[in-house]
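**Student:** I am attaching a structure below and will ask some questions about it afterwards.
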Amino acid sequence: MRILQKFELEVDADAAWRALHSPAVMSELYGPLLHVDSMATGGMPLRWEDGADAPVRYSSFGLGLGAHLMSVHDRYRVDAHGDVRILRDCGIPLTGPLATLDVWDHQMAVSPMPGDPTRTLWRERLVIRGLSAPVLWAPLWALWQWRSARLRRLAPSWAFDPASSEGASADD
């Protein structure tokens, strides 16, 4: 079963790509419906790197919903929209209702909007499989609608030029 989304964001693709790798942004996307905590020693990293495994725990209004092992992989390709960067989480739910799924394959792709490189074309696909997939599809679809609204609302706040440590001085 799949959930597909495609929409524009009011931010450039570089900022969207940085946001995709930010645990803080993920937490902000799901809030206040879901709370995301790291299960890793040392807490939540500042950034997810390609090849990282990130165990997280979900809760909602104080009720535990389960744990998920995110497995982050970056891919790059060129298609009709130009350069496309894809973050794929092919991890697996560990506990809770989602653990009844056999497949969790979540891909998020960002590329500059054709004709307007200051905006991002966001494409997303979640594939789930397992005995519980037909039951879980509707709640996940609803959550993905919430996420897309949050993405659109939060994306303009991602537009910034990160301070470069190269050549920067205290006087800058």
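The values are calculated or read from the model by the stated rules, or taken from the named source; none is laboratory data. Keep in mind that this is a model prediction, so the values were computed, not measured. We place every Cβ from the backbone using ideal geometry, glycine too, and count neighbours over all the protein chains shown. These accessible areas exclude ligands, DNA and RNA; they are computed on the full protein's heavy atoms, side chains included. Shrake-Rupley method; radii C 1.70, N 1.55, O 1.52, S 1.80 Å.
**Student:** What do you get for the angle between helix 133-154 and the principal long axis of the chain? Use alpha-carbon atoms, 0 to 90 degrees, nearest ten.
**Tutor:** 20 degrees
**Student:** So, for the chain, what is the accessible surface per residue at a probe of 1.4 Å, expressed in square angstrom?
**Tutor:** Computed with neighbouring chains in place, this is 54 Å² per residue.
**Student:** What is the local net charge at Arg147, summed over the other residues whose Cβ is closer than 14 Å to its Cβ (Lys, Arg +1; Asp, Glu -1)?
**Tutor:** +3
**Student:** Another question, then. Carbon and sulfur atoms: what percent of the 1.4 Å accessible area of the stretch 23-88 do they account for?
**Tutor:** 57 percent
**Student:** Could you rank the peptides 119-125, 87-93 by their average count of other C-beta atoms within 10 Å per residue, with the highest value first?
**Tutor:** 119-125, 87-93
**Student:** Roughly speaking, what is the stretch gain from Val135 to Asp53, that is 0.36 nm per residue apart minus the C-alpha to C-alpha distance, in nm to one decimal?
**Tutor:** 26.8 nm
**Student:** Among [x] 1.87; [y] 0.93; [z] 1.08, find the value of Cα Rg over 2.2 N^0.38 Å that was calculated from the structure presented, and write down its label.
**Tutor:** Here Cα Rg over 2.2 N^0.38 Å agrees with entry [z].
**Student:** By the scheme Lys and Arg +1, Asp and Glu -1, what is the net charge of all other residues having a beta-carbon under 13 Å from that of Arg77?
**Tutor:** +1
**Student:** Let me ask something additional. Can you pull out the chymotrypsin sites (Phe, Trp or Tyr not before Pro) in the stretch 37-118 that DSSP calls coil and that have at most 11 other Cβ atoms within 10 Å?
**Tutor:** Filter output for the stretch 37-118: Phe61.
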